[in-house]
Amino acid sequence: MLGIYASARRIWGLMYRHISLYRASWPRLLELAYWPTLQVCIWGFTASFFAARLGSPGMVAAGGLLGGVLLWEVALRTQMGLAMGFLEEIWSRNLGHVFVSPLRPLELVAALVGMSALRLLVGLIPAVLLAWALYAFNIFSLGLVLIPFVLNLMAMGWWVSLGVISLILRHGAGAEALAWSVLFGLTPFSAVFYPVSVLPASVRPIALALPSSHVFEGMRAAMATGAVAWDHLAWATGLNIVWLLAGGVLFAQQFRAARHRGALLSIGE
Amino acid sequence: MDVIAADSLTKRYGATLAVDGISFSVPQGETVGLLGGNGAGKTTTIAMLLGLLIPTSGSVHMLGHDMAKDRFAALARMNFSSPYVSLPHRLTVEQNLRVYCHLYNVPHATRRIGELADELDLHGLLKRMAGELSAGQKTRVALAKSLINKPDVLLLDEPTASLDPDTGDLVRTWLERYRAASGCTILLASHNMPEVERLCSTVLMMKQGRIVDRGTPADLLARYGRENLEEVFLDIARNRGAVAEAL
C-alpha cells in the first residue's frame, strides 16, 4: 500500500512540474488550443461549402470531415503532448536529476501519459465547442461509442510517442523534430477523411495495420447508420495492444541502452 | 559498514577506457574526495555510483543495495548535485523543491522546504524563477534539492565550481555542519584542492581512469613531501614522485 502511494506521489510530482509550467505561461496554454481550433475553422468552412453545394450527401460528408478533424486531433495532441513532456526534461537539462531520483521509467511514462491527457482536454475543448457553435456539429451525437474511439486514438498517440522517445534516447535531441511530424506522416494511411477503399491496394495493408484507420471507418459507419461497427472497434483495440507492447519494449531497450552509453546525462547536448 | 562499495568498476566506450577496474569503499559518515584532472574518470565513476550509467564490468553497492539489481531502494536514500545538471528554469525555487519532495516521497513538503530555506537562507528566493538566479543562488538551491530527502549518501560533482570565495566557503561550511549533524556519507569530486583538504578524510587520486593513489590528505602530503594537495595533484598529473614509482 505504501509502495502504491509512493509511486502515485512520484507520478504526481512529475505531473505537478509540468502543470506548474503551464500555470505560469498563458502562451503555452494558448498554443495547446491554437492548432485544433484553427483546424476546425478551416475544415468547418470547407465542409459548410460542400454541404451548401451538394445538399444532403454533402451534409454527411461534412459531418465526416469535422468528426475526422476532431478525432484525429485526439491522436495528434496526445502524441505531441507525451513527446513534448519528455523533451521539456531534456531542454531544461533536468534528466540527470529525474533519473537519480527513485522515479521508475514506467512512472515517468505514466506521468507523461497523464500530462498528455490533460493537454488534450485543454486543447480540444475549445475546438469541440467551436464546431458546435459555428457549424452545429456535435461530436457527442456519436453516443457512447465515442469513448472507445477516443481511448483508441489516445493509445495510438502513446505508442507513437514511445517510439519517438526511443529514437530520441538513441539519437539524441537531433531526433526531436519527429515529435511534431511523425504522426502527420501517418495521416494519409489513417483514413481520416476518406475510406480505406480509396487507397491504392498496395498501401491498404499499411492502413489496416493502424488502429486509426479502423477508428475512422467505425466513426463513419456510426454517423451513417447509427450502428456500432464492433469489428472495427475490436481491430483498433487489438492493434493498439500489440503496438503498445512493441512501443513499451522498444522504450525499455533504448532506456537501458542509454544507460550503457551514458546518454541520460548528455542527451540534450 | 561500507556505505559505498565499488569493486573492479570498469567503463569502456568502444576503444576508450574511461574507468579502469577501480575498487574503493567509503564507511558511513566519511567525506571522501575524488580528485583528478579533466578526463580522469571522476564524473563517469559518479554516474555509475548513481546508476545513471551501467558499468562494462564490476559492481557497485550503495547502502548495501546492488545497483545493478536494486537501485531504486538505494536511490531513495541518496541524492546528487552537479553544476552540469540544472533544475527547470521556468519553475520557481519552491515549485522545484516541491517536485523533488514528491519524487523522494518526503513527508510534510511545506515544512521541509521551510527548514531548508531557513538553513540555506533561501526565503527570498522561493518565489523566484530558478532561471533568474545568480550562479551562487543556483548552487544554494541545488544544494537544497540534494538535501530534500535528508540523504544518507550525498554525491557531489564539483559543488563549488564557478562560485566566488565567499559563497564557496558558505557551501563548504554548510556541508561540514550537515555531515556532522546527520552522519551522512559524502563523495565529492572536485578540482578545488583546498576544498578537498578541508572537507575530506580520505582522498582518491584518479588518473586515466585508475585510482593511482589514496590516503588521508596528511598521508598524501607526507608521501609526496609536499605542502598542499595542489602540489600533490601536479606531481600525479605530471608523473613525478610516488605516483611515478606506482605506475
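The values are calculated or read from the model by the stated rules, or taken from the named source; none is laboratory data. Note that the structure is a prediction, hence the values are computed from the model and not measured. Note that each Cβ is placed from the backbone with ideal geometry, even for glycine, and that neighbours are counted across all protein chains shown. All accessible areas refer to the heavy atoms of the entire protein, side chains included, with ligands and DNA or RNA removed. Shrake-Rupley method; radii C 1.70, N 1.55, O 1.52, S 1.80 Å.
Quick check: anything in the stretch A:32-42 within 9 Å of chain B (Cβ to nearest Cβ) and in contact with a Lys or Arg (Cβ under 8 Å, 6 or more places away or on another chain)?
No; the residues of the stretch A:32-42 include none that is within 9 Å of chain B (Cβ to nearest Cβ) and in contact with a Lys or Arg (Cβ under 8 Å, 6 or more places away or on another chain).
Please enumerate the residues belonging to the stretch A:89-108 that are assigned to a helix (DSSP H, G or I) and either surrounded by fewer than 20 Cβ atoms within 10 Å (Cβ to Cβ) or more than 7 Å from chain B (Cβ to nearest Cβ) (or both).
The answer is A:E89, A:I90, A:W91, A:L95, A:V98, A:P105, A:L106, A:E107, A:L108.
Considering each of B:H89, B:H102 in turn, give the residue that is open to solvent by less than 90 Å² (accessible area, probe 1.4 Å), touching a helix residue (DSSP H, G or I) at 6+ places or on another chain (Cβ under 9 Å) and within 18 Å of B:A76 (Cα to Cα).
B:H102
Is it the case that the stretch A:115-124 has a residue that's surrounded by 18 or more Cβ atoms within 10 Å (Cβ to Cβ) and free of Cβ contacts under 8 Å to residues at least 12 places away in the same chain?
No, every residue in the stretch A:115-124 fails to be surrounded by 18 or more Cβ atoms within 10 Å (Cβ to Cβ) and free of Cβ contacts under 8 Å to residues at least 12 places away in the same chain.
When you check B:L147 against the structure, is it modelled with pLDDT of 90 or more, closer than 17 Å to B:P88 by Cβ and more than 13 Å from every other protein chain (Cβ to nearest Cβ), yes or no?
Answer is no for this residue.
Could you grab me the full set of residues in the stretch B:25-66 that are small (G, A, S) and at the interface with chain A (Cβ under 9 Å from one of its Cβ atoms)?
Listed by number, the residues that qualify are B:A47, B:G51.
Looking only at residues that are at pLDDT 90 or above and open to solvent by 60 Å² or more (accessible area, probe 1.4 Å) in the stretch A:1-22, which one is nearest to A:R77 (Cα to Cα)?
Step by step, filter the stretch A:1-22, then rank; the result is A:W12.
Would you call B:V99 without any contact (Cβ under 8 Å) to a residue 12 or more places away in the chain and not acidic (D, E)?
Taking the combined requirement at face value, the residue satisfies it.
Please indicate, with yes or no, whether at least one residue in the stretch A:144-167 is more than 30 Å from A:G262 (Cα to Cα), without any contact (Cβ under 8 Å) to a residue 24 or more places away in the chain, among the β-branched types (V, I, T) and part of a helix (DSSP H, G or I).
Yes, that holds for at least one residue.
Conditions (1) at pLDDT below 95; (2) in contact with a His (Cβ under 9 Å, 6 or more places away or on another chain), marked per residue:
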position: B:Y84; (1), (2): yes, no
position: B:I113; (1), (2): no, no
position: B:E158; (1), (2): yes, yes
position: B:S162; (1), (2): yes, no
position: B:W174; (1), (2): yes, no
position: B:R179; (1), (2): yes, no
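For A:A133, are the conditions met, namely being part of a helix (DSSP H, G or I) and surrounded by fewer than 23 Cβ atoms within 10 Å (Cβ to Cβ)?
Spelling it out, A:A133 is indeed part of a helix (DSSP H, G or I) and surrounded by fewer than 23 Cβ atoms within 10 Å (Cβ to Cβ).
Give the residues of the stretch A:218-269 that are more than 14 Å from chain B (Cβ to nearest Cβ), open to solvent by 60 Å² or more (accessible area, probe 1.4 Å) and more than 28 Å from A:G67 (Cα to Cα), sorted by residue number.
Passing the criteria: A:L245, A:V249, A:L250.
Checking the condition under 14 Å from B:M205 (Cβ atoms), open to solvent by 10 Å² or more (accessible area, probe 1.4 Å) and of a type outside the set (S, T, N, Q), which residue from B:G29, B:G37 passes?
B:G37
Taking the stretch B:105-135 as the region of interest, how many residues are away from chain A (no Cβ under 13 Å), buried (at least 18 other Cβ atoms within 10 Å of the Cβ) and in a helix (DSSP H, G or I)?
The qualifying residues number 5.
What strands (runs of 3 or more DSSP E) lie completely within the stretch B:138-232 and have 1 or more residues being touching a Ser or Thr at 6+ places or on another chain (Cβ under 8 Å) and open to solvent by 30 Å² or more (accessible area, probe 1.4 Å)?
Correct list: B:202-207, B:210-215.
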